[in-house]
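What follows is one structure encoded as structure tokens, with my remarks underneath.
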Amino acid sequence: MSRVKMENVKKIVLIAHDSRKKDLLEWVQFNRDVLREHQLFATGTTGALIAPRARLDVTRFKSGPLGGDQQVGARISEGDLDILIFFWDPLEPQPHDPDVKALLRIAVLYNIPTACNRATADFLVASPLFHGEYERQLEDFASTREDFARGFGG
């Protein structure tokens, strides 16, 4: 296990499927004072909605279906993003569903705090850990896989 330090100013990425954008915007506006203390990122359409309406600076990636989800996943794997707030719609099939699943897999793999609904996002920003430095554990999966393979003679 290694540890990855998250600074006081967190790098937070905001994503919402179309049917959840209004909910995310309301959440962001409600938490505006907390969020303005951090560095915000978003996929294209979500960022275009949030930045002017919540009056926050937001760095935008491409739209999710056009590669934005993959850009976010890559930035997570490079250690460039700390927290994922992703209001996704579990009832609406998405044309880029494989990208969504890959993004959620990367978030879990790299052990970043992830909120997929408003209640979890509320708990996340209310946590004392959100407001200071934090070291998250990162498993060495390559080593784990090698140990597993050796255990089976491979």
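The values are calculated or read from the model by the stated rules, or taken from the named source; none is laboratory data. Just so we're clear, the structure is a prediction, and the values are computed from it rather than from any experiment. Glycine also receives a Cβ, built like all others from the backbone with ideal geometry; neighbour counts cover every protein chain displayed.
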Under 8 Å between Cβ atoms, at least 6 apart or on separate chains: pull out the pairs that start in the stretch 130-152 with a residue that is closer than 15 Å to Val108 by Cα and end on any residue that is modelled with pLDDT of 65 or more and assigned to a helix (DSSP H, G or I). Phe141/Leu109
Restricting to the stretch 25-68, what's the tally of residues that are of a type in the set (A, V, I, L, M, F, W, C), farther than 15 Å from Ile83 by Cα and in contact with a helix residue (DSSP H, G or I) (Cβ under 8 Å, 6 or more places away or on another chain)? 8
Test for Ala115: is it among the hydrophobic types (A, V, I, L, M, F, W, C) and modelled with pLDDT under 95: no
Going through (1) within 17 Å of Arg20 (Cβ to Cβ); (2) touching a helix residue (DSSP H, G or I) at 6+ places or on another chain (Cβ under 6 Å) one by one, Gly73 fails only at (1)
With respect to the numbered conditions (1) under 13 Å from the mean Cα position of the chain (by Cα); (2) modelled with pLDDT under 95, which one is the sole condition not fulfilled by Gln94? (1)
Here are the criteria: (1) more than 24 Å from Gln94 (Cβ to Cβ); (2) surrounded by 16 or more Cβ atoms within 10 Å (Cβ to Cβ); (3) not aliphatic (A, V, I, L, M). Tell me which single one His17 does not satisfy. (1)
If you take the residues in the stretch 106-129 that are touching a residue at least 40 places away in the same chain (Cβ under 8 Å) and among the aliphatic types (A, V, I, L, M), which one is surrounded by the most Cβ atoms within 10 Å (Cβ to Cβ)? Ala121
Among the residues of the stretch 75-98, write down those that are crowded, with 19+ Cβ neighbours inside 10 Å and either acidic (Asp, Glu) or in contact with a strand residue (DSSP E or B) (Cβ under 6 Å, 6 or more places away or on another chain) (or both). Leu81, Asp82, Ile83, Leu84, Ile85, Phe86, Phe87
